[in-house]
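A quick write-up on the structure given underneath.
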Amino acid sequence: MSTLPESPVEVAFVGRSNVGKSSLINALANRKQLAKVSNTPGRTQLINLFETPSKGTIVDLPGYGYAKVPGRIRAGWEKMIVGYLLEREELEMVFVLVDGEIGPTKLDVQMLEHLRENEVPHTIVATKHDKVKSSKRDTRKRDLAAGCEVAQKDVMWVSASSGVGIDSLRNAVNGILGKAK
Ligand code: GDP
């Protein structure tokens, strides 16, 4: 990760593969407000960086838990991701994506434990709000927050499909990256 370009301030998005991370970042980008700046080759090829108008950087980390990747390679990625999250000085906030339809997986819970134990600032974002039936939403919100061991108000719910919560999340990201000098 020492090959990452310098940046005044960063936020990172993490989550297991298929959680809806690419769709969410596309929705946040809202037509070219974000410029994709680099794609590191080789082992780190799945790290995408986006520079925002304020010159802060959004770091799109590889999705974890992708079943088709051999265990040894996967372990390497996961070590790299955790190393970045714990050591990157410029990192101000980690947005941890949890699938709103299925709730936190074991890997999500492990990631949250890592971040909590190491006092890395993080915010839980529940994706695919539109996939949860409106009659089930209250229960799902309660269960997801409980599964992540946080209060319901600390979970941001979004949907890349319907647009729910996208403005709030974009404001949160811009608020953090706006600190860039
Ligand atoms: P990634 O692997 O985390 O980058 O996930 P993707 O963004 O590729 O999304 C994985 C799958 O979930 C795709 O089939 C998407 O179309 C779907 N998906 C992503 N976000 C949403 C959402 O907000 N609502 C719905 N209904 N489906 C979504």
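Would you be able to tell me the number of residues in region 53-108 that are away from the ligand (no atom under 16 Å from the Cβ), of a type in the set (A, V, I, L, M, F, W, C) and open to solvent by less than 60 Å² (accessible area, probe 1.4 Å)?
Counting residues in region 53-108 that are away from the ligand (no atom under 16 Å from the Cβ), of a type in the set (A, V, I, L, M, F, W, C) and open to solvent by less than 60 Å² (accessible area, probe 1.4 Å) gives 6.
Checking Leu107 against (1) within 20 Å of Ser17 (Cα to Cα); (2) modelled with pLDDT of 95 or more, which single condition isn't satisfied?
The one condition Leu107 does not meet is (2).
Among all residue pairs at least 6 apart or on different chains, which show Cβ distances below 6 Å where the first residue, located in region 138-151, is farther than 18 Å from His122 by Cβ and the second is of a type in the set (Val, Ile, Thr) and surrounded by 15 or more Cβ atoms within 10 Å (Cβ to Cβ)?
From residues that are farther than 18 Å from His122 by Cβ, the pairs are Arg140/Val132.
Test Asp154 against the criterion of being over 15 Å from Val14 (Cα atoms) and not polar (S, T, N, Q), and give yes or no.
In short, yes.
Collect the residues in region 19-32 that are within 10 Å of the ligand (Cβ to nearest atom) and modelled with pLDDT under 90, keeping them in residue-number order.
Of everything in region 19-32, those that are within 10 Å of the ligand (Cβ to nearest atom) and modelled with pLDDT under 90 turn out to be Ser22, Asn26.
Looking at Ala146, Ala126, Ala180 in this structure, which one is modelled with pLDDT of 95 or more and buried (at least 16 other Cβ atoms within 10 Å of the Cβ)?
Residue meeting the stated conditions: Ala126.
Test each condition in (1) in contact (Cβ under 8 Å) with a residue 60 or more places away in the chain; (2) in a loop (DSSP other than H, G, I, E, B); (3) touching a helix residue (DSSP H, G or I) at 6+ places or on another chain (Cβ under 6 Å) for Val164 and report the one that comes out false.
Going through (1) in contact (Cβ under 8 Å) with a residue 60 or more places away in the chain; (2) in a loop (DSSP other than H, G, I, E, B); (3) touching a helix residue (DSSP H, G or I) at 6+ places or on another chain (Cβ under 6 Å) one by one, Val164 breaks only (1).
Give the residue that is farthest from the ligand (Cβ to nearest atom), with candidates limited to residues of region 109-123 that are open to solvent by 40 Å² or more (accessible area, probe 1.4 Å) and within 20 Å of Phe50 (Cβ to Cβ).
Pro121
The values are calculated or read from the model by the stated rules, or taken from the named source; none is laboratory data. This one's a predicted model, so the numbers in the text were calculated from it and none came from an experiment. All Cβ positions, even for glycine, are placed from backbone atoms using ideal geometry, and neighbour counts span all protein chains on display. In case anyone asks, the SASA skips ligands and DNA or RNA and just uses the protein heavy atoms, side chains included. Shrake-Rupley method; radii C 1.70, N 1.55, O 1.52, S 1.80 Å.
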